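Visitor: Got a structure for you, questions after.
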Amino acid sequence: MREIYLKPFEMAVKDGGTTAMMSSFNRIGTRWTGGDYRLLTEILRNEWGFRGTVICDYNQTGSYMNNRQMIYAGGDLNLCSDKTRMWKDYDPDSAADITVLRRAAKNVMYTVANSNAINNLNYRYAMALWKIMLIVVNCVIFAGLATWGVFAVRSALKKAKTKKNDKTETNENV
């Protein structure tokens with residue numbers, strides 16, 4: 001697994017310096033990968049030195065993707081659209097539960113604090129030349145169509161006014 005399947009993720013962490021990772025929905029053996037301590041903590045965090053957020057793949061089942069298992073394994077965020085999938089049975093008096101929740105919150109805050117948006121590292125972003133040209137062409141086409149529309153409406157109004165005047169003159173002559 002390390003030589004084939006995990007190699008791209010290792011490169012993203014070690015060479016790319018990524019601060020966010022998504023665990024998968026599938027299993028390795030009998031263990032759901034988003035709740036596998038060996039994968040998320042031992043390999044990803046301890047071995048590769050990953051610092052950041054691990055978000056699980058979309059959680060659509062309550063029993064298959066257990067939030068308690070995910071948090072204890074080293075996951076930080078649960079991707080779901082239903083509030084009933086959130087981890088609600090934690091014990092506020094349990095030191096272990098509070099510790100893993102604190103660690104998850106710290107990892108999420110670390111990712112946000114080290115993002116390009118927060119650190120204003122996006123000032124060097126330069127839009128590709130083809131995108132700029134496409135925007136200019138779209139603006140020119142829009143301006144041309146708007147100008148044509150104004151003249152077409154104006155011409156139609158003049159024709160309607162002329163027809164109205166012609167009808168009025170014809171009625172007056174009769």
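The values are calculated or read from the model by the stated rules, or taken from the named source; none is laboratory data. Here the structure is a predicted model, which means the values were calculated and not measured. Quick reminder, even Gly has a Cβ in these numbers, built from the backbone with ideal geometry, and neighbours come from all protein chains shown.
Visitor: For the subset of the stretch 16-43 comprising residues that are out of contact with any helix residue (DSSP H, G or I) (no Cβ under 7 Å at 6 or more places or on another chain) and assigned to a helix (DSSP H, G or I), which member is farthest from I118 (Cα to Cα)?
Guide: R38
Visitor: Scan (1) of a type outside the set (K, R); (2) under 13 Å from L79 (Cα atoms); (3) not assigned by TED's automatic domain parsing to the domain that holds R103 for the single condition S24 breaks and write down its number.
Guide: Status for S24: all satisfied but (3).
To keep it simple, each residue is scored yes or no on (1) over 20 Å from the mean Cα position of the chain (by Cα); (2) modelled with pLDDT under 90; (3) among the aliphatic types (A, V, I, L, M).
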{"residue": "G62", "(1), (2), (3)": "yes, yes, no"}
{"residue": "Y72", "(1), (2), (3)": "yes, no, no"}
{"residue": "L79", "(1), (2), (3)": "no, yes, yes"}
{"residue": "I98", "(1), (2), (3)": "yes, no, yes"}
{"residue": "K106", "(1), (2), (3)": "yes, no, no"}
{"residue": "T111", "(1), (2), (3)": "no, no, no"}
{"residue": "N114", "(1), (2), (3)": "no, yes, no"}
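Visitor: Just one of (1) within 24 Å of N114 (Cβ to Cβ); (2) not assigned by TED's automatic domain parsing to the domain that holds R102 trips up V13, so point out which.
Guide: Every condition holds for V13 apart from (2).
Visitor: Are any residues in the stretch 1-19 touching an Asp or Glu at 6+ places or on another chain (Cβ under 9 Å) and within 15 Å of V54 (Cβ to Cβ), and if so, which ones?
Guide: Hit for the stretch 1-19 is E10, nothing else.
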